[in-house]
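Below is one structure. I have some questions about it.
Computed from the coordinates by the stated procedures, all read-outs in this text should not be read as laboratory data. Because the structure is a prediction, the values reported are computed rather than measured. Here the Cβ positions follow ideal geometry from the backbone for every residue, glycine too, while neighbour counts run over all protein chains shown.
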Amino acid sequence: NLVADYLFELSKKFNSFYNSCPILNQEDKILYSRLLLAERTAAVLKEGLNLLGINTLERM
């Protein structure tokens, strides 16, 4: 239950970030940091869902 709650909260926070801060069409430094944040968030979500026995897609 703790892992599921954590992943749900993380996904809500990243969704808020994604809606308020554009990732593409930024200067290189901002683009890199935001892409890195998105990549690390995806990795945490994937690993957490894997722990729960939920398979994820590589790409949508």
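Rounded to the nearest 20 debye, what is the charge dipole size of the chain about its Cα centre when +1 sits on each Lys and Arg Cβ and -1 on each Asp and Glu Cβ?
That gives the chain a dipole magnitude of about 60 debye.
Could you grab the relative contact order for the chain? Cα pairs under 8 Å, six or more apart, rounded to a whole percent.
42
Something else about it: With Cβ to Cβ distances under 13 Å as the rule, what net charge do the other residues near Ala42 carry (K, R +1; D, E -1)?
In short, +1.
Taking every eigenvalue of the Cα gyration tensor of segment 2-51, multiplying by 5 and rooting it, what semi-axes result, largest first, whole Å?
Sorted largest first and rounded, they come to 24, 12, 6 Å.
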